[in-house]
């Protein structure tokens, strides 16, 4: 697959801006990060292997720019955002392609992300009820809804409600403890 940097702004600019806007509320910062993404992609275009689409590759670069931004602005907040971005995106119907062939597929990075997520969520999980904590833990480690339902002896609808409540409580916990933007 051949890169076409001349068309990146037209073809991927709006998508990347929307993607970044879901993670960062400041529109000027969003624009800066997207521009930095294009510059970084130009500088590293020789490293592009073609195993992912241009959009996926650019989204991966942008995700790392967002992570770096949060890491540099506030260490505790950066850890929470980085873990949140890398582990909740698979749930997002809008970003399925963005997660297909990204850096998180590297086993070392996956281990580091999960380790950080465990550290950050350890305290937050204490606020969950037993079923919420059990369901959330099973979901995080990759089990599907059917497995969770069988393991916890609950219905699919109940599982979805439990997971939704667990996510809401944890999001609130992270917002309160690390003043994260939602």
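The calculated Kirkwood hydrodynamic radius for the range 126-182 is 11.7 Å, given to one decimal from all distinct C-alpha pairs.
Packing here is the average count of other Cβ atoms within 10 Å per residue, and on that basis the peptides 3-15, 133-145, highest first, run 133-145, 3-15. Relative contact order for the range 126-182: 35 percent, from Cα pairs under 8 Å spaced at least 6 residues apart, divided by residue count.
Here, each number is a calculation from the coordinates, and none is a lab measurement. Bear in mind that the values here come from a model prediction, so they are computed numbers and not experimental data. No Cβ is skipped: glycine too gets one built from the backbone with ideal geometry, and neighbour counts run over all protein chains shown.
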